[in-house]
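Asks: Quick one: this structure, given as structure tokens, is what I'll be asking you about.
The values are calculated or read from the model by the stated rules, or taken from the named source; none is laboratory data. Because the structure is predicted, anything quoted here is derived from the model rather than measured. Here Cβ is always computed from backbone atoms with ideal geometry, including for glycine, and neighbour counts include all displayed protein chains. When the accessible area is computed, the model is the full protein with side chains, heavy atoms only, and any ligands, DNA or RNA have been set aside. Shrake-Rupley method; radii C 1.70, N 1.55, O 1.52, S 1.80 Å.
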Amino acid sequence: AQSVTQLDSQVPVFEEAPVELRCNYSSSVSVYLFWYVQYPNQGLQLLLKYLSGSTLVESINGFEAEFNKSQTSFHLRKPSVHISDTAEYFCAVTPMNRDDKIIFGKGTRLHILP
Amino acid sequence: SAVISQKPSRDICQRGTSLTIQCQVDSQVTMMFWYRQQPGQSLTLIATANQGSEATYESGFVIDKFPISRPNLTFSTLTVSNMSPEDSSIYLCSVGFSGGQYFGPGTRLTVL
């Protein structure tokens, strides 16, 4: 079985400051890892994913996440946040070769302070 | 990636009525999924809908309450039947791809 833990339910951060949203997972099999973003009153958008290869993956809007197998973590980072980054961020895992099964964390609400 | 649309985007319904939500994908996909997101919560899988077979429901969800159709490889519907205020949620469809899922924009349902 798999589980995903997002350690912070809310993260306040000042505009232009760096941010890290933490995600740890547990699984007895190899997994793919994802971060999804949900802007206010919208659906989920895939932000970035790790399937294989380089453990550092990047999104088009400046976020990056690093897969750390030994620590079973997939933390999301951005060096300088903007007010438009205000959203709920969900970490998720899928067992390899099981597209029908995705496990979400409880989400982290990112508050950008002016 | 897949482009997924849902109708309606939002609705306000009366207790005891039913609402059918449509999900359209711009490409043929084998697996489609329906999720519920209650206020302030993460996503909960309702059922998996594969074309040509009965939907598979997760624990706590039943066909009588959430009937699903999957008539072809690009379309599915979810009906929320005999609604109560506890059914007020965002309902999202998603499609599977190699290594994950893409989600539609969601249907925001309020039951009075």
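Asks: Just checking, does the stretch B:76-97 include any residue being surrounded by fewer than 21 Cβ atoms within 10 Å (Cβ to Cβ), in contact with an Asp or Glu (Cβ under 9 Å, 6 or more places away or on another chain), within 14 Å of chain A (Cβ to nearest Cβ) and not in a helix (DSSP H, G or I)?
Replies: For the stretch B:76-97, residues surrounded by fewer than 21 Cβ atoms within 10 Å (Cβ to Cβ), in contact with an Asp or Glu (Cβ under 9 Å, 6 or more places away or on another chain), within 14 Å of chain A (Cβ to nearest Cβ) and not in a helix (DSSP H, G or I): present.
Asks: Now for a different question. Within the bounds of the stretch B:51-61, is there any residue that is open to solvent by less than 80 Å² (accessible area, probe 1.4 Å), touching a residue at least 40 places away in the same chain (Cβ under 8 Å), within 14 Å of chain A (Cβ to nearest Cβ) and not acidic (Asp, Glu)?
Replies: Looking for residues that are open to solvent by less than 80 Å² (accessible area, probe 1.4 Å), touching a residue at least 40 places away in the same chain (Cβ under 8 Å), within 14 Å of chain A (Cβ to nearest Cβ) and not acidic (Asp, Glu), one finds none in the stretch B:51-61, hence no.
Asks: Which one is farthest from residue A:48 (Cα to Cα) among residues in the stretch B:1-21 that are more than 10 Å from every other protein chain (Cβ to nearest Cβ), within 16 Å of the chain's Cα centre (by Cα) and open to solvent by 80 Å² or more (accessible area, probe 1.4 Å)?
Replies: B:7
Asks: Also, I was wondering about something else. Any residue at all in the stretch A:74-85 that's outside any loop (DSSP other than H, G, I, E, B) and closer than 17 Å to residue A:27 by Cα?
Replies: Yes.
Asks: In the stretch B:98-112, which residues are open to solvent by less than 40 Å² (accessible area, probe 1.4 Å), facing another protein chain (nearest Cβ under 8 Å) and of a type outside the set (S, T, N, Q)?
Replies: Residues satisfying the conditions are B:99, B:100, B:103, B:104, B:106.
Asks: Can you name every one of the strands (runs of 3 or more DSSP E) wholly within the stretch B:1-65 that holds 2 or more residues which are under 22 Å from residue B:108 (Cβ atoms) and out of contact with any Cys (no Cβ under 8 Å at 6 or more places or on another chain)?
Replies: B:10-13, B:19-25, B:31-37, B:43-50
Asks: Within the stretch A:85-114, restricting attention to residues that are out of contact with any Ser or Thr (no Cβ under 8 Å at 6 or more places or on another chain) and surrounded by fewer than 19 Cβ atoms within 10 Å (Cβ to Cβ), which residue is farthest from the other protein chains (Cβ to nearest Cβ)?
Replies: Among residues in the stretch A:85-114 that are out of contact with any Ser or Thr (no Cβ under 8 Å at 6 or more places or on another chain) and surrounded by fewer than 19 Cβ atoms within 10 Å (Cβ to Cβ), the one farthest from the other protein chains (Cβ to nearest Cβ) is A:114.
Asks: If we scan the stretch A:4-14, do we find a residue that is among the small types (Gly, Ala, Ser), more than 14 Å from chain B (Cβ to nearest Cβ) and either touching a residue at least 40 places away in the same chain (Cβ under 8 Å) or surrounded by fewer than 17 Cβ atoms within 10 Å (Cβ to Cβ) (or both)?
Replies: No, every residue in the stretch A:4-14 fails to be among the small types (Gly, Ala, Ser), more than 14 Å from chain B (Cβ to nearest Cβ) and either touching a residue at least 40 places away in the same chain (Cβ under 8 Å) or surrounded by fewer than 17 Cβ atoms within 10 Å (Cβ to Cβ) (or both).
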